[in-house]
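Just below is one structure, and these are the notes that go with it.
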2 protein chains.
Amino acid sequence: MENTLKFAVFGAGFWANYQISAWKQVGGVELLAICDPDKEKAKNMAQKHGIPKVYTEAESLFEQEKLDFVDIISSIPSHAPLVKAAAKAGVHVICQKPMAQDYATCQSMVKACEEAGVKYFIHENFRFQTPIRECKKLMEEGKIGTAFRAKMTFCSGFPVFDNQPALAELDRFIIMDLGVHILDMSRFLFGDVEKLYCQTQKINPNIKGEDVANTLLTMKNGVNCFVEVSYASQLEQETFPQTLILIEGDKGSIRLDYNHHITLTQKGQGSQKFKADPPQYAWADPDYALIHSSVVTCNQSILDALMDRVPAETSGQDNLKTMELVFLSYESSDNNKVLFTQ
Amino acid sequence: MENTLKFAVFGAGFWANYQISAWKQVGGVELLAICDPDKEKAKNMAQKHGIPKVYTEAESLFEQEKLDFVDIISSIPSHAPLVKAAAKAGVHVICQKPMAQDYATCQSMVKACEEAGVKYFIHENFRFQTPIRECKKLMEEGKIGTAFRAKMTFCSGFPVFDNQPALAELDRFIIMDLGVHILDMSRFLFGDVEKLYCQTQKINPNIKGEDVANTLLTMKNGVNCFVEVSYASQLEQETFPQTLILIEGDKGSIRLDYNHHITLTQKGQGSQKFKADPPQYAWADPDYALIHSSVVTCNQSILDALMDRVPAETSGQDNLKTMELVFLSYESSDNNKVLFTQ
């Protein structure tokens, strides 16, 4: 591949704006075209970001543009057809999370890319957040000995439906949209999951799906990890979009608190406090600054893998394991059962 | 019954000392005798508290003393024979938690007391803690609307085995000894449990039983309550013997934090902070002051029920439901199953 990779974006919604800004931040890529069935939205986004070409149909785009990769930032049901179209066109693919609405479709997407010999990435950015990386580093340095339990908390009352009204229409909401991130981070921090139990709840009467999920994961290494996600929370401190984490090991603990404060406590040695602030970008929405900065690192990681500098961290193949947790969580909640991963 | 109730104590260990002090605090009772197979311990306790008679065998005590009730503060395996001996003697019974080591034995104890027509109480004091009562009051006043989820946290590194070395020898440790309290408080706050899933862990290599338990309860009213208990925690703030609680409702939340700080947050109205400090008693062990003060309120509640002033709050019959949760938790963890209450 050439040094500057040429790509196109599918989807011109709320999130595409930040993802495109993050690509500019990363550099080394050239955005040739944007495609959205809503021509007006696509044109506006093209104008805002100086994108040369606008399409409303994927087929025409793939026919006319010579691309190294595509970045799919569109609605969930459109992911599978677009990923498969890209594979057919022999173009590497980045796809927004969640990969697809059911596990069989996810598998078919991974298979299509494998068979076409194109690289396939899921844009799983949460694990790239600065404080999350710092927590992992402290664990890997052996600071708390062997981890045995953890809590990962994303409980908020932030009005996500104002920016993304389509979320209120999803039959499956909070695990598909948000839980998928936290479940992926649990894998990033503690490795793969052996079994899980989940109970979802629907509190907000004005949305279609569930807005609370309580999940107890047991990892293959024995760590018990409680994942709690809620958009129905009324707490003293609104913490959106931060994930708060407590990791307990046999020699200490790591607590990631509000505003990226990390407390490392070591047996017999007291506590130390750090701050793990993310980089700030002028283009980021202040409400989402932490997350938007992780899009930059996520894009950089994917670009490095596209350039064969490093192995892919958030490959489609890897993300199947995260999606399995999403679907198992719903199944567990529906049937009141403890479910084991494959 | 006369105005001053006459009673005897079984067990002269660490905990009996505080329970006897709490009875003196409550008043209206007269402690006639203490019984412990270890005569030296019994004599020391009798001397310390001015108890007229010392026994090493329950049978002799029941033969020779004319009692209104007994307070059993002895080892777990001795609870059932002592409760049944008291029932046979026609004496009301208070028994320390946990009631017994298996559910069938618990049932037989309740039955024995019912058949003998004696009142039977479990000394379940945790629910009487000042801050716990305050949380319940705020909920009952409708301050947070309808509760939908909660967390109850007792995670500590306090060296309980120093004061109570027998705890290190229990096959079943943390749920039997500590979890039983937190599970009982969950019932006090949210009503009865529909189903649960639990995962226990053994971290401390120097004890026989498990020292961590992670339990997700779903109450009959739909509240999901995560109960986490640990004696293997190394946290910045050692919080022993406090239970930290977060209760989320559709109109707000109640957070019980370290040192009895309560934060009430109400939708659109911000937060208010209270302190719910327990009474202080000179005889209490400073490490256990919160808990020892709850022994006074618990004893008072039982005395009121003995005097027919109020219905029993922590009757043996009621406590069967708490013990069911204890045994279901172990079974759930052993078999990786979600279990429903009877």
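Nothing in this text is a laboratory measurement; each read-out follows from the coordinates by a stated rule. All values derive from a computational prediction rather than experimental measurement. Counting neighbours? That spans all protein chains shown, and the Cβs are built from the backbone with ideal geometry, glycine included.
Under a cut-off of 19 Å between alpha-carbon atoms, report the lysines in cross-link reach of B:Lys111, not counting same-chain residues fewer than 8 places apart.
Those lysines meeting the cut-off are B:Lys84, B:Lys88, B:Lys97, B:Lys119, B:Lys321.
With the label 7 angstrom out along Cα to Cβ, how close does B:Val310 come to the same site in each of the other copies, in nm, nearest first?
Result for B:Val310, in nm, nearest copy first: 6.1.
Quick one: net charge of A:Leu306's neighbours, Cβ under 9 Å, K/R +1, D/E -1?
Its environment carries a net charge of -1.
Angle between the Cα long axis of helix A:180-190 and the longest principal axis of chain A, 0 to 90 degrees, nearest 10?
60 degrees
Just to confirm a number: summing +1 for Lys and Arg and -1 for Asp and Glu over residues other than A:Lys151 whose beta-carbon lies under 10 angstrom from that of A:Lys151, what do you get?
0
Just how large is the dipole of the protein assembly as shown about the Cα centre, in debye to the nearest 20, putting +1 at every Lys and Arg Cβ and -1 at every Asp and Glu Cβ?
With Lys and Arg at +1 and Asp and Glu at -1, about 520 debye.
What is the distance in Å between the Cα centroid of segment B:251-304 and that of segment B:307-323?
About 22 Å separates the Cα centre of segment B:251-304 from the one of segment B:307-323.
Expressed as an acute angle from 0 to 90° and rounded to the nearest 10, what is the orientation of the C-alpha long axis of helix A:130-140 relative to the principal long axis of chain A?
So the helix axis and the longest Cα principal axis differ by about 50 degrees.
Counting partner chain Cβ atoms within 10 Å of every residue's Cβ in A:324-336, what's the average?
Whole-number average of other-chain Cβ neighbours for A:324-336 is 1.
Lysines within cross-link reach of A:Lys143: Cα-Cα under 22 Å, excluding same-chain residues under 8 positions apart?
Of all the lysines, those that pass the test against A:Lys143 - Cα under 22 Å, at least 8 places apart if same chain - are A:Lys151, A:Lys220, A:Lys251, A:Lys267, A:Lys273, A:Lys275, B:Lys202.
Can you put A:Val212, B:Val54 in order, fewest other beta carbons within 10 Å first?
B:Val54, A:Val212
Suppose every K and R has +1 on its Cβ and every D and E has -1 on its Cβ; what is the size of the dipole of chain B about the Cα centre, in Debye to the nearest 20?
700 debye
With equal scatterers on the alpha carbons only and no solvent term, can you work out the Debye log10 of I(q)/I(0) for chain A at 0.13, 0.15 1/Å?
Evaluating at q = 0.13, 0.15 Å⁻¹ gives log10 I(q)/I(0) of -1.02, -1.34.
Not counting the cut sites, what is the longest span of chain B without trypsin sites (Lys or Arg not before Pro) that DSSP labels loop and that have at most 10 other Cβ atoms within 10 Å?
The segment B:67-308 is the longest one with no such site.
Can you tell me which aspartates and glutamates have their Cα less than 19 Å from the Cα of B:Lys48? Leave out same-chain residues fewer than eight positions away.
Of all the aspartates and glutamates, those that pass the test against B:Lys48 - Cα under 19 Å, at least 8 places apart if same chain - are B:Glu30, B:Asp36, B:Asp38, B:Glu40, B:Asp71, B:Asp285.
Based on DSSP, what percent of beta bridges with both residues in the protein assembly as shown are antiparallel, to the nearest 5?
60 percent
Pairing the Cα long axis of helix A:316-335 with the longest principal axis of chain A, what angle in degrees results, from 0 to 90 and rounded to the nearest 10?
With both axes taken from Cα atoms, the answer is about 60 degrees.
Given Cβ point charges of +1 (Lys, Arg) and -1 (Asp, Glu) and nothing else, what value in debye, to the nearest 20, does the dipole of segment B:5-123 about its Cα centre take?
260 debye
Apply the Debye scattering formula to segment B:67-125, with a single equal point scatterer on each alpha-carbon and no solvent, then give log10 I(q)/I(0) at q = 0.16, 0.17 Å⁻¹.
With no solvent term, the Cα-only Debye profile gives -0.38, -0.43.
In a shell of Cβ-Cβ distance under 12 Å around B:Ile94, excluding B:Ile94 itself, what net charge do Lys and Arg (+1) and Asp and Glu (-1) give?
It works out to a net charge of -1.
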